[in-house]
């Protein structure tokens, strides 16, 4: 096949063959695993007016330190919470900035027959406290899409629009009505509670070791297109 | 053969120079301060703060980034006319710029009368929904020995 393709090139037959081989090999590797390189959103929040209210897509990026499924799952949870927190901060946030300065002065005086000396030591301690807080009970935030670059970052996008709020309200209302119609049986325990079962990890137990369980990179954005 | 090599070399040089132009932090467009811009949909308020990392490492830069974020919001609070909630909190604030150059971190935040109105409307929508359908109660198991 290469010979057929490169026929007609007088002196560049070797270079042509090499180029064709690279053209086949490189795209094959590129399509094997997706990453966050082509993800449409960075660490940001996008807001636009739509009919009935506002549509928000908040994306958060979290570092993945190990190419392991456990680390990836933790990063996904963290990125989801962080993206939701972005929206909560947009709704309302408090900011505080406090400066505290403590000054201490120590003076030592000493006197002898015909001399007097004074020593003064002064120390200043400055503490600056910054805080930025936001909290709210919210409804209608849905995870939309995510991507993973193995060993590097996980990005999660969370969305909100008036339709998701209505859907969440509908589901909560239906469940609430069902519980009101047929209350669940009272929960009682006939054995030790789960809290009593919990024990501190034993210091003598050896730590289990084994190879990492790598997670392949991916970029799942299909829900973003129809949101 | 020589022509092919020359063109290949030219492509390699072009790619490497483009990479160098994209890499490296240059925050010349960022300066600490505030700005108010009048636009068709109302006033837009911008605030930029700078923080310095103690050392040139990712951990220190992350702390500096948090400091710059809060600092920029503190600047916003000081601008007369910035839209606030009835209890004095900021609303509708988004981060529109971030730049890192060595140990210097700059963050720019933005709020407008329009974005504040969006945040206020959204809070009202969610609050109305929670009033119509309150949060589901969470069942708690009875404790042993409670009776």
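Note down the nm distance, to one decimal, between modelled labels 7 Å out along Cα→Cβ at residue B:121 and at residue A:37.
4.0
So how far apart, in nm, are the two label points at residue A:178 and residue A:128 if each is 7 Å from Cα heading toward Cβ?
It is 5.4 nm.
So for the pair residue B:84, residue A:109, with labels modelled 7 Å out along Cα→Cβ, what separation do we get in nm?
Spacing of the two 7 Å Cα→Cβ label points: 4.8 nm.
Order of A:154, A:111 from fewest to most other C-beta atoms within 10 Å?
Working: A:154 26, A:111 9.
Fewest-to-most ranking of A:154, A:111: A:111, A:154.
For residue A:46 and residue A:70, compute 0.36 nm times the residue count separating them, minus their Cα-Cα distance, and round to one decimal in nm.
Working: separation 24, 0.36 × 24 = 8.64 nm, distance 2.97 nm.
Extending this stretch completely gives an extra 5.7 nm.
Computed from the coordinates by the stated procedures, all read-outs in this text should not be read as laboratory data. This structure is a prediction, so every number in the text was calculated from the model and none was measured. A quick note on method: Cβ atoms are made from the backbone with ideal geometry, for glycine too, and the neighbour counts reach across all protein chains shown.
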